[in-house]
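Asks: Would you mind keeping the following structure in view while I ask a few things?
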Amino acid sequence: MVEQSFVWYPYTQMNEWSDVTKIVRGDGMWLIDSNGDRLLDGVASMWCNVWGHSKKELISAMHKQSQKITHSSLFNLTNEPAEALAKKLVNILPNMYRVFFSDDGSTAMEAALKMAIQYWKNNKEKNKTKFATLQNGYHGDTFGAMSVGYVPGFFSQFKDNLYKTIQISFSNSYRIPHGEIEQYCIQTLEKIEKLFASNDKIAAFIMESGAQIAGGVNIYQNNFQSKISKICKKHGVLLVLDEVATGFGRLGSMAEYAAQKSTPDIVAHGKMLTGGYMPLATTSVSRNIYNAFLGDHAEMKHFFHGHTFTGNPLACAIANENLRLYEKTNLINKIKKTSQIFEKRLDEIKHLGAVGDVRFKGMLMGIEIVSDKKKKTPISFKKSANKTIFEEAKKQKIYLRALGNIVMLVPPLAISEAESNFLIDGTIKTIKNVSKHVP
Ligand SMILES: *Cc1c(COP(=O)(O)O)cnc(C)c1O
């Protein structure tokens, strides 16, 4: 019998999901449901889990901190875990000087946007109030984040209520309008440069670091981000990077922006910061940004922003332990090895009948499934693609959450070799089986 649920699930047609799998426990990379069935967590519980679900060290750090204090704010006070974490992050993140705390990726980006605007106000440049962005970027679901990260499939209902931003058209290698990807990127860079040269109202350029993920798994070409960074510097436009999904190893590097040879003024982190154990996010800034907020109180230059749970000691303690484990186990090195397991099996996936394109880097794979390879028609079913894929994947004992027609593999970073192959085997079977559902 289906038990009545009073929960309203995110991005979910509730009529379609009347009997949702209930997770009662985690065991390493596995989720265990109320029937005792085990599912391999193929999407790191929304891209944030690092070590699996029962990591002793993280639980112990949580337990230890909870015996001291679980919440005290950064309003007039500070706490040891928040101080230690900010120090650690400033060490890990090149050119970053101070760290602002919030709760999730969206709030980290809201803070970043407000910092960029207030930076120019504090510098008496009152006209610099506009944001320029890349199409299909995703920065969260709040209004500010939606405005700079417009993904039509997610936000069209709210379009009239979003503030105006300048969007540079941009799409992934599989769906560029015509020509070669290299040429397409050069044209995109030229558009950005032209815009900056002709418009002195632009406060900042906003983009995801390393890859656009939620907007369709668009992994940047080499030097693309680094060139944008240079164009920003040349024209005095701030660069705000969203590293919420790609920071801390998802694409194989600790500070993705450093791997991309770019220098942001402001950078947001979230998802993997606590290993996926507690909500916590940061907005880190360069010395130049931070200094613009200093002055006498009466000058009103201080940052006008804050959240109830800013610098939450419990979340910060877990983040500290998480980052300590990265170092202790040399996780980045392990990721490089695990990534090769996925790479080895790329061709096998590419050659499946329904697979139009595979985009892959580090520990991220987006498999675009289509009903017509020539026309690149996204596959569609009677039910939503995500639901159809989820159900077939569950039969293979893996948990997947697809983005439309894109099957996402975003496993916990510390996944073993055997579990990686289990995930790929299950994904291949899933794709073969869903093809049978095309009406
Ligand atoms: C997930 C995500 C966000 C939003 O983070 P939430 O924690 O869901 O608010 C922002 N930017 C990127 C790149 C993301 O992947």
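Readers should treat all values here as calculations from the given coordinates under stated rules, not as data from a laboratory. As the structure is a prediction and not an experimental result, all values here were calculated from the model. Here the Cβ positions follow ideal geometry from the backbone for every residue, glycine too, while neighbour counts run over all protein chains shown.
Asks: What shape does the chain take by its C-alpha gyration tensor, where a ≥ b ≥ c are the square roots of the eigenvalues and a/c under 1.5 counts as rounded, a/b above b/c as prolate, and the rest as oblate?
Replies: oblate
Asks: Further, regarding this structure: Quick one: which of 413-420, 25-32 comes out on top by average Cβ neighbours within 10 Å, and what's the full order, highest first?
Replies: 413-420, 25-32
Asks: Sticking with this structure for a sec: Rounded, prolate or oblate: pick one for region 34-138, where a ≥ b ≥ c are the square roots of the eigenvalues of its C-alpha gyration tensor, a/c under 1.5 means rounded, and failing that, prolate if a/b is larger than b/c, else oblate.
Replies: oblate
Asks: Let's test the formula: R0 of 30 Å, r as the Cβ-Cβ distance of R38 and I59. What FRET efficiency results, to the nearest 0.05?
Replies: The value I calculate is 0.95.
Asks: Of the peptides 162-174, 308-320, how do they stack up when ordered by the mean number of other Cβ atoms within 10 Å, highest first?
Replies: 308-320, 162-174
Asks: I would also like to ask the following. Tell me whether region 127-234 comes out rounded, prolate or oblate; compute the Cα gyration tensor, take square roots of the eigenvalues as a ≥ b ≥ c, and use a/c under 1.5 as the rounded threshold.
Replies: Cα axes put region 127-234 in the oblate bin.
Asks: For the pair K336/S5, report the inter-label distance in nm, with labels modelled 7 Å from Cα in the Cβ direction.
Replies: The two pseudo-label positions are separated by 4.2 nm.
Asks: Sort the following peptides by mean Cβ neighbour count (other Cβ atoms within 10 Å, averaged over residues), highest first: 422-433, 270-281, 70-81.
Replies: 270-281, 422-433, 70-81
Asks: Then there's this: How about region 77-128: which GluC sites (Glu not before Pro) there lie in a loop by DSSP and see at most 14 other Cβ atoms within 10 Å?
Replies: Filter output for region 77-128: E125.
Asks: Would you mind checking the pairs K130/K164; K88/K328; K114/K164; K164/K230; K114/K230 and listing those with alpha carbons more than 18 angstrom apart?
Replies: K164/K230; K114/K230
Asks: Points 7 angstrom from Cα along the Cβ direction at K126 and N291: gap in nanometres?
Replies: Reported label-point gap for K126 and N291 is 2.6 nm.
Asks: Relative to the present Cα-Cα distance, how much length would full extension add between A84 and T142 at 0.36 nm per residue of separation?
Replies: Value of the extension gain: 18.0 nm.
Asks: Rounded to the nearest 0.05, what FRET efficiency is calculated for S66 and K234 with R0 set to 45 Å and r the Cβ-Cβ distance?
Replies: Computed FRET efficiency for S66 and K234 comes out at 0.35.
Asks: Still on this structure: Between F158 and K432, 0.36 nm times their residue separation minus their Cα-Cα distance comes to what?
Replies: Separation in residues times 0.36 nm, less the Cα-Cα distance, equals 95.0 nm.
Asks: May I pose another question? Which parts of region 61-102 would a label at R324 reach, counting a residue when its backbone N lies under 15 Å from a point 7 Å out along Cα-to-Cβ?
Replies: 61-68, 80-89
Asks: Between S416 and N223, 0.36 nm times their residue separation minus their Cα-Cα distance comes to what?
Replies: Computed gain between S416 and N223 is 66.4 nm.
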